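Trainee: I am attaching a structure below and will ask some questions about it afterwards.
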């Protein structure tokens with residue numbers, strides 16, 4: 001009987017260990033192909049080159065255009081999500097009454113739960129035509145539209161994490177400000193937000209990481225033209241969209257083209273991993289301040 | 001500090017314990033504890049406890065809050081093992097075997113030394129399933145008929161059968177507080193323990209329910225050895241044959257209940273039972 | 001002082017307070033409008049999808065196979081593929097996720113390895129889904145030779161949603177009162193007996209809700225499936241776990257990528273089907289949770 005208990009414990013342990021195995025596998029899969037890739041395209045060309053044409057006859061392997069595309073879309077997304085998310089969080093935690101909160105929270109959850117392919121459709125067929133009225137020279141595929149829509153997609157995440165951070169601020173800090181006659185706005189902006197600063201920053205960084213890793217919205221609405229530019233009106237390609245583009249095609253295993261998606265994937269993984277690490281470190285520091 | 005409370009004797013001067021040796025017709029020893037010490041991490045919660053608890057009697061542990069009586073009770077069936085970072089020194093012998101011996105099967109020990117908790121904790125299942133659970137997991141009964149018979153037996157022993165016989169498959173949580181506690185007793189009795197440990201079993205109950213529990217304890221001691229922790233001295237005086245007084249993790253005095261409450265040997269004991277502190 | 005001067009000359013403090021109150025009102029309006037804007041976008045999104053695809057939605061659409069002619073194309077294989085995927089993913093993620101959560105909550109001793117495991121789980125929750133696609137491609141499709149099959153897709157998605165299942169299960173386990181476990185141990189039950197007979201039944205609704213949440217996420221995932229090679233033109237229903245497949249979001253993506261309006265209409269109709277499935281799943285989760293909460297610990 002007791003042997004069965006030990007066996008079960010070992011089985012459960014194996015399930016828990018699976019997460020470590022997954023991380024190791026991700027790194028291994030990416031690394032193996034990236035190493036092969038770097039044998040052909042040197043690291044300097046990869047990281048510093050400004051032309052990305054691995055699928056053309058004249059192959060160039062500079063990843064910067066893809067990085068630029070990712071950065072551009074993410075910047076636009078954050079420009080939308082950060083202020084709106086923070087304001088929403090402040091409103092929900094400092095001003096809103098219980099009934100408003102009861103409606104707003106589920107709605108925000110719905111916003112967060114919509115599949116990204118639906119957001120892509122929305123960006124391509126609603127937002128882009130709408131923006132074309134307002135922005136001269138806006139191409140059918142561009143960075144602005146998916147950027148804004150990505151921002152809306154991650155807004156609930158920013159809002160909920162920022163709200164959690166603000167709720168962690170002790171009540172007596174707020175009470176002190178109110179007792180001095182401060183308005184809600186003054187208390188929020190000058191006491192609560194600064195006190196929750198590292199927690200809110202952690203939320204922002206996590207949201208950036210999410211925006212960077214977003215795939216379908218850009219695959220549908222941003223285009224497939226890698227371009228080293230910060231102009232949001234022209235077609236570009238992000239790192240994630242490139243991986244999709246190649247996967248849709250008929251790229252045989254073991255070819256250089258096949259390996260490029262792993263190299264780009266490795267870069268993406270490292271980038272988001274560092275961002276996540278930073279976010280965790282900040283969140284830990286925040287918890288230590290108020291634990 | 002309240003006005004009129006006398007200064008407590010310094011701890012160093014408190015002698016270890018006094019045993020009564022006057023009774024000639026004493027039952028055999030069920031639990032033999034020798035120099036037991038218990039640690040939560042670095043903190044020593046029990047210090048040098050030596051006591052012999054006899055069969056078919058009710059032994060009560062009394063003492064102020066935090067004196068270690070519940071902790072000591074839980075060392076007897078090794079329930080403290082569940083808490084990480086705890087450590088035991090000394091020995092607890094039941095039927096001559098040290099229960100802290102690494103070769104001992106803790107799971108079986110807990111079947112043989114049953115426990116009833118302060119706040120009744122029936123499982124969120126039917127009354128029948130609650131009592132049958134112990135039988136099933138210990139493989140003590142086979143077949144629906146045998147299980148049903150044992151369930152009835154245990155519910156009768158806990159003086160609960162008449163009240164629930166028509167609704168055995170209703171949820172246990174629908175019972176009153178007192179009934180739930182008797183159900184927990186029935187559940188513990190079903191696995192035929194040698195010893196029944198009761199940690200303040202009536203403290204959450206109203207006086208009438210408490211009385212029924214106390215009557216039950218009186219009945220049960222014919223077949224079981226009972227150890228009860230209580231903060232209610234009058235209850236200890238009503239219900240127990242022997243009483244042990246604990247203070248700050250030490251056993252101060254252990255003797256027949258009558259003597260403990262009328263003519264204790266230790267001044268500390270006398271101060272406590274007369275209500276001068278605690 | 002006459003009435004006019006009293007009303008028009010206000011002392012500096014009162015002026016400052018009035019200004020502050022105005023600013024506070026403006027700020028409150030600003031914060032409120034941020035929320036309203038978000039809601040408006042959601043409404044716009046739903047409207048654009050409904051107006052784009054409502055006409056195209058029909059029983060025919062749901063039961064037909066894709067075709068080069070937009071008017072005849074349907075999402076049947078994609079719907080079937082998604083359903084199979086969800087079931088398979090759930091069958092993989094549930095035991096693995098619950099097992100991991102059980103180990104960490106019930107058997108854990110707080111060792112360094114356990115901390116490492118927990119950090120890993122938190123990290124994996126934040127890895128972009130397309131990286132999981134690359135993992136699936138390298139590990140399941142190639143290294144384990146599953147090829148671009150339903151099984152490879154399910155394994156990939158199971159790993160993706162595993163952190164969600166683990167997190168939800170851990171919370172459900174933590175909500176089980178300690179007194180229940182103590183009562184079980186005191187009767188001479190082993191740890192596994194306690195877990196199986198007492199803890200899991202009580203935690204079950206929470207675990208189920210977590211599973212449905214995880215599957216809701218899985219059914220909307222596109223990028224990892226494209227990467228492992230789910231096909232975008234699949235005129236058949238998968239007949240085994242080794243069969244190639246497509247899924248709802250992939251079919252939608254395929255149609256959205258075509259310029260013809262008719263295909264865009266199909267895409268919108270497909271989105272409506274996907275949203276309907278999601279709505280059903282989430283409603284089921286809420287219903288199940290409420291039902292079990294009534295039955296269980298009262």
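Trainee: Would you mind stating whether residue A:156 is farther than 21 Å from residue A:210 by Cβ and either in a helix (DSSP H, G or I) or without any contact (Cβ under 8 Å) to a residue 24 or more places away in the chain (or both)?
Mentor: When the stated conditions are applied, residue A:156 does not pass them.
Trainee: Follow-up question, since we're still on this one. Which one of B:243, B:210, B:262 is out of contact with any strand residue (DSSP E or B) (no Cβ under 8 Å at 6 or more places or on another chain) and either touching a residue at least 12 places away in the same chain (Cβ under 8 Å) or within 14 Å of chain C (Cβ to nearest Cβ) (or both)? If you could, list the steps in order and put the result at the bottom.
Mentor: Working: B:243 fails: out of contact with any strand residue (DSSP E or B) (no Cβ under 8 Å at 6 or more places or on another chain); B:262 fails: either touching a residue at least 12 places away in the same chain (Cβ under 8 Å) or within 14 Å of chain C (Cβ to nearest Cβ) (or both).
Exactly one of B:243, B:210, B:262 is out of contact with any strand residue (DSSP E or B) (no Cβ under 8 Å at 6 or more places or on another chain) and either touching a residue at least 12 places away in the same chain (Cβ under 8 Å) or within 14 Å of chain C (Cβ to nearest Cβ) (or both), namely B:210.
Trainee: Another question, then. Restricting to the stretch A:262-289, name every residue that is free of Cβ contacts under 8 Å to residues at least 40 places away in the same chain and either under 17 Å from the mean Cα position of the chain (by Cα) or at the interface with chain C (Cβ under 10 Å from one of its Cβ atoms) (or both).
Mentor: A:270, A:273, A:274, A:277 - these are the residues of the stretch A:262-289 that are free of Cβ contacts under 8 Å to residues at least 40 places away in the same chain and either under 17 Å from the mean Cα position of the chain (by Cα) or at the interface with chain C (Cβ under 10 Å from one of its Cβ atoms) (or both).
Trainee: Mind telling me which of the residues B:149, B:157, B:174 ends up being modelled with pLDDT under 95 and in contact with a helix residue (DSSP H, G or I) (Cβ under 8 Å, 6 or more places away or on another chain)? Explain how you work it out, then say what you get.
Mentor: On the way: B:149 fails: in contact with a helix residue (DSSP H, G or I) (Cβ under 8 Å, 6 or more places away or on another chain); B:174 fails: in contact with a helix residue (DSSP H, G or I) (Cβ under 8 Å, 6 or more places away or on another chain).
B:157 is the lone residue from the list that is modelled with pLDDT under 95 and in contact with a helix residue (DSSP H, G or I) (Cβ under 8 Å, 6 or more places away or on another chain).
Trainee: Mind telling me which of the residues B:119, B:125, B:144 ends up being free of Cβ contacts under 8 Å to residues at least 60 places away in the same chain, within 14 Å of another protein chain (Cβ to nearest Cβ) and surrounded by fewer than 21 Cβ atoms within 10 Å (Cβ to Cβ)? Before you say what the answer is, go through the steps one by one.
Mentor: On the way: B:119 fails: free of Cβ contacts under 8 Å to residues at least 60 places away in the same chain; B:144 fails: within 14 Å of another protein chain (Cβ to nearest Cβ).
Unique residue meeting the criteria: B:125.
Trainee: Any chance you could count how many residues in the stretch C:134-150 are farther than 18 Å from residue C:85 by Cα and more than 9 Å from chain A (Cβ to nearest Cβ)?
Mentor: 2
Trainee: I'm checking my understanding of the structure. Among residues of the stretch C:245-264 that are over 24 Å from the mean Cα position of the chain (by Cα) and away from chain A (no Cβ under 11 Å), which one is surrounded by the most Cβ atoms within 10 Å (Cβ to Cβ)?
Mentor: C:263
Here is a yes/no grid of residues against (1) within 8 Å of chain A (Cβ to nearest Cβ); (2) in contact (Cβ under 8 Å) with a residue 24 or more places away in the chain; (3) touching a helix residue (DSSP H, G or I) at 6+ places or on another chain (Cβ under 8 Å); (4) surrounded by 19 or more Cβ atoms within 10 Å (Cβ to Cβ):
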{"site": "C:23", "(1), (2), (3), (4)": "yes, no, yes, no"}
{"site": "C:34", "(1), (2), (3), (4)": "yes, no, yes, yes"}
{"site": "C:41", "(1), (2), (3), (4)": "yes, no, yes, yes"}
{"site": "C:53", "(1), (2), (3), (4)": "no, yes, yes, yes"}
{"site": "C:64", "(1), (2), (3), (4)": "no, no, yes, no"}
{"site": "C:69", "(1), (2), (3), (4)": "no, no, no, no"}
{"site": "C:96", "(1), (2), (3), (4)": "yes, yes, yes, yes"}
{"site": "C:102", "(1), (2), (3), (4)": "yes, yes, yes, yes"}
{"site": "C:118", "(1), (2), (3), (4)": "no, no, yes, no"}
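Trainee: Which one is farthest from residue B:196 (Cα to Cα) among residues in the stretch B:72-93 that are in contact (Cβ under 8 Å) with a residue 40 or more places away in the chain and in contact with a helix residue (DSSP H, G or I) (Cβ under 7 Å, 6 or more places away or on another chain)?
Mentor: The extreme case among them is B:86.
Trainee: Filtering the stretch A:91-108 down to residues that are under 22 Å from the mean Cα position of the chain (by Cα) and at the interface with chain C (Cβ under 9 Å from one of its Cβ atoms), which residue is farthest from residue C:31 (Cα to Cα)?
Mentor: First pass over the stretch A:91-108, keeping only residues under 22 Å from the mean Cα position of the chain (by Cα): A:105-108.
Narrowing the set further to residues that are at the interface with chain C (Cβ under 9 Å from one of its Cβ atoms) leaves A:107-108.
On the way: A:107: 16, A:108: 15 Å.
In this case the residue turns out to be A:107.
Trainee: Picking from C:74, C:81, C:110, which residue would you name as being farther than 25 Å from residue A:18 by Cβ and either assigned to a loop (DSSP other than H, G, I, E, B) or not assigned by TED's automatic domain parsing to the domain that holds residue C:212 (or both)?
Mentor: Numbers: C:81 fails: either assigned to a loop (DSSP other than H, G, I, E, B) or not assigned by TED's automatic domain parsing to the domain that holds residue C:212 (or both); C:110 fails: farther than 25 Å from residue A:18 by Cβ.
Going through C:74, C:81, C:110 in turn, the sole match is C:74.
The values are calculated or read from the model by the stated rules, or taken from the named source; none is laboratory data. Bear in mind that the values here come from a model prediction, so they are computed numbers and not experimental data. No Cβ is skipped: glycine too gets one built from the backbone with ideal geometry, and neighbour counts run over all protein chains shown.
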